[in-house]
Amino acid sequence: MPKIVDHDRRRRELAQAIWSIIALRGLNAVTLRSVAAEAGVSMGTVQHYFRTKDQMLLFACQHMVDLAQAGASSLLERSQHPDEPESIIRAVMHQTLPVDEQQRFGSAVWLAFVAHAIVDDELAEIIRHAWLGLHDILTNQLRTAQQFGKVSDDVDVEREALSLATVADGLVQHAVVGQISADDALAVIDHHLNRLFTKPSYRA
């Protein structure tokens, strides 16, 4: 009886192998051969799913984006009250920071993708779409906060969402190379949110 292969699972395993190579040795170390060795499979297995390095990088980046978006969606679904935008924004932004080894690993890989996107239009499109998704989440939560009277009506929520997203991106770069600590990065996020959420009254 022929062996049944879960192709989606195999692709995810190969993506994890690609991430590991990038995190430990850099994006230039990613090859069909190195990915096969890291995943413990044959070259033929890798070539069954990906013909080129570019195909591997695109899939690995998209898979990372999909996981991040799923995590953000899970946070929104777990929210028990519609007037919790501050805690949701904080949690979403915290997800982007290298506050532990797993997130440091992810941040290192993400920054490598961002750097390579300068010369890869397809990779850049994936990253731009991911940033747009984050901006939309932040914008919607800030708009909800305005509706509940927790953020001033004078606040331009789209501009503030862009500000928060770019602050988070900058913090990732500084934290992943050890310029600032994870605690300092979290404190900066709290500083920005405390500045925004200045109206605690509930609007009936």
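The values are calculated or read from the model by the stated rules, or taken from the named source; none is laboratory data. What you see is a predicted model; the values in this text were computed from it and never measured. Note that we place each Cβ from the backbone using ideal geometry, even for glycine, and neighbour counts take in every protein chain shown. Ligands, DNA and RNA are excluded from the accessible area calculation, which covers all protein heavy atoms including side chains. Shrake-Rupley method; radii C 1.70, N 1.55, O 1.52, S 1.80 Å.
If one computes the Cα centroid of region 108-161 and of region 11-34, what distance in Å separates the two points?
That distance is 27 Å.
For region 88-204, with all protein chains present and a 1.4 Å probe, just round the carbon and sulfur fraction of the accessible area to a whole percent. Display every interim value, and only then the final one.
Values: 3370 of 6290 Å².
Solvent-exposed carbon and sulfur of region 88-204 make up 54 percent of the total.
Which residues among region 127-156 fall inside the zone where the amide N is under 19 Å from a point 7 Å beyond the Cα of L76, along Cα→Cβ?
Counting only backbone N, you get 127-148.
Add +1 for every Lys or Arg and -1 for every Asp or Glu among the other residues with Cβ under 13 Å from the Cβ of M93, and state the total.
Values: positive: R90; negative: E86, E160, D169, D190.
For residues surrounding M93, the net value is -3.
Sort 66-72, 134-140 by packing, meaning the average of other beta carbons within 10 Å per residue, with the highest value first. Mind dumping the intermediate values first?
Details: 66-72: 14.1, 134-140: 18.4.
Final packing ranking: 134-140, 66-72.
Please say if region 55-196 is rounded, prolate or oblate, where rounded means a/c under 1.5 for a ≥ b ≥ c the square roots of the C-alpha gyration tensor eigenvalues, and otherwise the choice is prolate for a/b larger than b/c and oblate otherwise?
Details: a/c = 1.84, a/b = 1.51, b/c = 1.22.
Here region 55-196 falls in the prolate category.
With r as the distance between the Cβ atoms of R195 and Y49 and R0 = 45 Å, compute the FRET efficiency 1/(1 + (r/R0)^6) and round to 0.05.
0.45
Note the angle between two axes, namely the Cα long axis of helix 7-25 and the longest principal axis of the Cα atoms of the chain, as a number of degrees from 0 to 90, rounded to the nearest 10.
Roughly 80 degrees between the two axes.
How much length is gained on full extension from S181 to I118, taking 0.36 nm per residue of separation minus their Cα-Cα distance? Present the calculation step by step, with values, prior to reporting the outcome.
Values: separation 63, 0.36 × 63 = 22.68 nm, distance 2.75 nm.
Extending this stretch completely gives an extra 19.9 nm.
Label-point separation (nm) for R11 and N140, each offset 7 Å from Cα along Cα-to-Cβ?
2.4
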